[in-house]
Every structure is written in structure tokens, then in C-alpha cells.
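What follows draws every value from the coordinates through simple rules; no lab data is involved. This is a predicted model, so every value here is computed, not measured. Neighbour counts run over all protein chains shown; Cβ positions are idealised from the backbone, glycine included.
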Amino acid sequence: MPSAIVSIPNRYMHTTVEMLDLRDLDNMARPLAAFLADVKKGERFAVKV
């Protein structure tokens with residue numbers, strides 16, 4: 001199953017005080033929305049080796 005990771009820079013991952021800059025979170029929405037809007041119905045993803 002094709003998958004992708006969207007990573008937002010943060011500090012102290014997996015602790016009770018994990019932190020991130022809210023501007024990074026807000027700015028991640030644009031490229032993610034652009035990618036999702038570009039996916040065509042029935043489009044298949046494959047790894048080219």
C-alpha cells in the first residue's frame with residue numbers, strides 16, 4: 001500500500017511537553033491540500049524501481 005509521511009518539525013517528541021511552532025502547522029496545510037487536490041479519481045500510485 002503506497003504511503004507517505006508529512007512531518008512537521010517539533011521538539012521533545014513522545015514526551016508530555018512536545019512542542020511545535022503553530023506557523024509550521026498552519027503552513028503545512030497548503031502543500032498537503034495542493035497534493036490532495038491534484039490526485040485524480042482512480043489514480044494509482046506505484047514505486048518505480
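A few comments on the model shown:
- Net charge over other residues, Cβ less than 15 angstrom from the Cβ of Ala37 (K, R count +1; D, E count -1): +1
- Three-way shape call for the chain based on the alpha-carbon gyration tensor, with the a/c threshold at 1.5: oblate
- The long axis of helix 22-38 is offset from the longest Cα principal axis of the chain by roughly 10 degrees.
- Cut-off 13 Å between beta-carbons: net charge of the residues surrounding Leu20, Lys and Arg +1, Asp and Glu -1: -2
- MRE, 222 nm, helices only [DSSP H, n ≥ 4, -39500 (n - 2.57), over the chain, to nearest 500]: -11500 deg cm²/dmol
- Stretch gain in nm, segment Lys40-Asp24, where the contour uses 0.36 nm per residue and the Cα spacing is subtracted: 3.0 nm
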